[in-house]
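Undergrad: Right, I'll just put the structure down here and ask away after.
Read the figures in this text as sums done on the coordinates, not as results from a lab. Remember, it's a predicted structure, so these values are computed and weren't measured experimentally. A quick note on method: Cβ atoms are made from the backbone with ideal geometry, for glycine too, and the neighbour counts reach across all protein chains shown.
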């Protein structure tokens, strides 16, 4: 049984690496073949069924994508609010759609919407009718940073958009979920740390600020604010003993109840009580994983089927693949199940002796679990987040028992009394708030310790896989093999760490939506041209894109930052960048980044061609235009200048404008990129940095046509790239060498998987 489940799971996981989905006809052929071979070779049949299942899920997701007609104009939708909402301005929420215009949907779609100024207080459970402008699920595509599009896909969200002001926007049904009502009552208590209490009690983390996330991530306790197996195990234990206590009292009092199997009833009722708690937590993935494992354990016990830990894990994974197939594309799935597998491994490797439940034994077990979780999870965490927390195991040794044994029970008691005794609830939540305050003080102290965490450069997944195998084998019993031979596992890494650095420099035009950010790097040093936007919500391109890439590349210092002009989409994230990384010098169009600036940086020539005086022109036309070049290769960065400044540049530099790479002016606006300018630059590669389905419709079709109508110096059409379609575009050049430029796009070359590029392959 286990081997068949393993075949099914393994086949399902291969979908993570498919560059495209098998066609419907191939899926049907595989299904027929699986039916024919299943009786003779069940393992092969299970493997084929895994492929068939995930391919079917993929095609189903394709069928749920919006039509071009639905995304080209505002549409009226009807649906139910499915996520918690607590604010009355600039809200973001999920909506389960049952109707689009006059079309009733056979299968509900999920939209993630924003609403700047809601007409009413939006709450979970309400049924609403709204006029919205939507687009397919999409996110920035860069070498590092949060993959928003993949997260949307793993959550089953089919589109994003915003609500438009309209007289027909209507609240159809004002019903609220119990979860929303209880959260509102708790927030009404106005406790100092209610954002943390909301996360711990209801699984709602929308009130946490970036600084809060930094604190829990760098100290390694982020899992404690995600309601997971630890919390569910506590609720299950309390429920079981409470039910057994009540049931035991009733059985001892009434003779006719003596035949009842109290143990089985208590376990069955515990399943339902933990299900209610999971609903209170919003059915998050870690909660569902833990509840599913509890359900499987209970069913096996009641049916006298004694499964081992391995069988339960395989059954749990199979159920998740069947019922929540999209979850395997999210990081939460891998973190959650990896932690469970590691804990099971610890108890297998160092089993607790029967009857040995002394304080020393318990503390020893906790230390082993925390150390193994930290060490064995390190490759996965470091691969995804490019940092390692040194204080994590020690902080968790203190935080885990306190949170699970004290803080969470107090919060649960507070929730129980919210509905019946609000005054009592205030007392419980006040105690919880006090505990949170002391806990945050402790975490801040731990974070301030020298070497509390350190950043790591980004290594390929294969490097971390070898490191994991090495550490895992070190934890195995010595009788299995000679551990001195484990060093052989590290030999393949030598070729990576000791590879001689080649003499290249590269330019990366980052995907920052409607804006611009360009990295120029050479010999582990970097300069930046523009930094992207920052928004009133606090979201900015420095924290979400630039800093993660710099961290992943191991770059702790930026030599120069050029700001072309003061528009938000080019300069908005500068304050956040300066806070996050050391910058030697900032050059703006108001001071040094002006005409006649000519500097050498590691042999590369950086020359400012414009402006002569920024105060003479509007903000766009005062853009700092620079050209970066070596003897054979060059890039032209014109900012947001229009055709009038392009004409001036043609007069001033009739022979110096020619470049191999051109970042199109003003994101592809028709006010820029004149025919004469295009012909003079004669670029081989042109990049348009613009937002996906932006409201200005950049790049304009007229601009694209002009570039394609004019051949470059090679007599061929230039290659055109848009960051919304290609993601980050990187050009790699040999310094002072005529070797051709190597071009890599994130979506097509670095991360060409079907689930990440589905909207671009229709």
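Undergrad: Let me test this: with uniform point scatterers at the alpha carbons of segment 504-760, what is the Debye-based log₁₀ I(q)/I(0) at q = 0.08, 0.16 1/Å?
TA: Log10 I(q)/I(0), no solvent term: -0.28, -1.27.
Undergrad: What does the highest-first list of 146-157, 591-602 look like by mean Cβ count within 10 Å?
TA: Packing order, densest peptide first, comes out as 146-157, 591-602.
Undergrad: Please rank 705, 725, fewest neighbouring Cβ atoms within 10 Å first, as an exposure proxy.
TA: Fewest-to-most ranking of 705, 725: 705, 725.
Undergrad: P(r) tail for segment 1-156, what percent of Cα pairs lie past 25 Å?
TA: 48 percent
Undergrad: Another question, then. Against the longest principal axis of the chain, how steep is helix 2-13, in degrees 0 to 90 to the nearest 10, with axes from Cα atoms?
TA: 20 degrees
Undergrad: Based on the alpha carbons, how large is the Rg to Rh ratio for segment 120-260 when Rh follows Kirkwood?
TA: 1.11
Undergrad: Looking at the square roots a ≥ b ≥ c of the eigenvalues of the Cα gyration tensor of segment 68-176, which shape do they give, rounded for a/c under 1.5, prolate if a/b is larger than b/c, or oblate?
TA: On the way: a/c = 1.66, a/b = 1.35, b/c = 1.23.
Because a/c hits 1.5 or more and a/b exceeds b/c, segment 68-176 counts as prolate.
Undergrad: Mind ranking 62-75, 639-652 by how tightly packed they are, going by the mean number of other C-beta atoms within 10 angstrom, highest first?
TA: My ranking of the peptides, most packed first, is 639-652, 62-75.
Undergrad: I need 46, 473, 319 ordered by Cβ neighbour count within 10 Å, fewest first.
TA: Fewest-to-most ranking of 46, 473, 319: 473, 319, 46.
Undergrad: Related question: With axes computed from alpha carbons, what is the tilt in degrees of helix 285-302 against the longest principal axis of the chain, rounded to the nearest 10 within 0 to 90?
TA: Helix 285-302 and the main axis of the chain meet at about 30 degrees.
Undergrad: Please report, in whole Å³, the volume per residue of the convex hull around the C-alpha atoms of segment 615-752.
TA: Spread over its residues, the Cα hull of segment 615-752 gives 116 Å³ apiece.
Undergrad: To the nearest 500 deg cm²/dmol, what mean residue ellipticity at 222 nm is calculated for the chain from DSSP H runs of n ≥ 4 alone, each contributing -39,500 (n - 2.57), summed and divided by the residues? Intermediate values should be presented prior to the final figure.
TA: Details: 26 runs with 328 residues, N = 762.
Taken over the chain, the calculation gives -13500 deg cm²/dmol.
Undergrad: Can you tell me the length gained on complete extension of the stretch residue 655 to residue 583, counting 0.36 nm per residue apart and subtracting the Cα distance?
TA: Between residue 655 and residue 583, full extension yields an extra 22.6 nm.
Undergrad: Antiparallel as a % of all DSSP beta bridges within the chain, to the nearest 5?
TA: 75 percent
Undergrad: Decide, for segment 686-735, between rounded, prolate and oblate: order the square roots of the alpha carbon gyration tensor eigenvalues as a ≥ b ≥ c, take rounded if a/c falls under 1.5, and otherwise choose prolate if a/b is larger than b/c, else oblate.
TA: Oblate shape, in that a/c is at least 1.5 and b/c is the bigger or equal ratio.
Undergrad: For segment 538-563 and segment 674-692, what is the separation of their C-alpha centers, rounded to whole Å?
TA: Taking the Cα centre of each part, segment 538-563 and segment 674-692 sit 26 Å apart.
Undergrad: Can you tell me the orientation of helix 262-280 relative to the chain, as the angle in degrees between its alpha-carbon axis and the longest Cα principal axis, to the nearest 10?
TA: 20 degrees
Undergrad: Rounded to the nearest 0.05, what FRET efficiency is calculated for residue 697 and residue 172 with R0 set to 30 Å and r the Cβ-Cβ distance?
TA: Numbers: r = 34 Å, r/R0 = 1.12.
With a Förster radius of 30 Å, E is 0.35.
Undergrad: Taking neighbour counts of Cβ atoms within 10 Å as a proxy for exposure, in what order, fewest first, do 219, 441 appear?
TA: Ascending number of Cβ neighbours within 10 Å: 441, 219.
Undergrad: Would you please put 579-585, 661-667 in order of how densely packed they are, using the mean number of other Cβ atoms within 10 angstrom per residue and starting with the highest?
TA: Highest to lowest by the protection proxy: 661-667, 579-585.
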